[in-house]
Amino acid sequence: MGLLMVLLQVIHYKAMVRDIQMELFGGIIGLLFLVFGIWLGMKLFNKNTSEKYDGSKLGLSKREVEVLELLAQGFSNQEVADKLFVSLNTAKTHISNIYTKLNVKRRTQAIQKARDLALIPTPKG
C-alpha cells in the first residue's frame, strides 16, 4: 500500500511538472504573438508619421518638396512664401524649379505628378 501511494505521488508530481511546462510554453508563445502584433501594428499604422518623402531621385531639394506639400494643401504663392518665411519671388522661383524638374506646366499637374511619384502624401478619403 505504501508503494502504491509513492507511485501515485510520483505520477501526480510528473503530471504537475508537465502542466507547468505546458503553461510556460503557452505563455511564451502568447508573448511572442503579442510582440509580433504590436510590431506589425506600428509598421502598418504609423507609416505617414515616420516616413519622409524623398525628392532627390528627381533632383528636388528638401525645400522644393516642402513647397510641393504646401501647394498640395491649396496654399497660394504668397501663403507659401509666408509659411516658409521667404519672399514671394523666392517662392515663385521654387515653384518654377519644381515645374521644370517635374516637366509640367501647371500647379495641378505638379501636384498630381508628385503624388504619382510618391513625393508627397496622397490625401486620405
Helices (runs of 4 or more DSSP H) enclosed by region 67-125 - at least 2 residues per element that are more than 29 Å from the chain's Cα centre (by Cα), more than 28 Å from Phe45 (Cα to Cα) and touching a residue at least 12 places away in the same chain (Cβ under 8 Å): 77-84, 88-102
Conditions (1) modelled with pLDDT under 95; (2) more than 22 Å from the chain's Cα centre (by Cα); (3) charged (D, E, K, R): number failed by Asp54: (2)
Tally of residues being exposed (fewer than 13 other Cβ atoms within 10 Å of the Cβ) and within 13 Å of Ser61 (Cβ to Cβ) across region 97-125: 1
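The values are calculated or read from the model by the stated rules, or taken from the named source; none is laboratory data. The structure presented is a predicted model; accordingly, all values stated were derived computationally and were not measured. Using ideal geometry, Cβ is built from the backbone for each residue, glycine included, and neighbour counts are taken over all protein chains shown.
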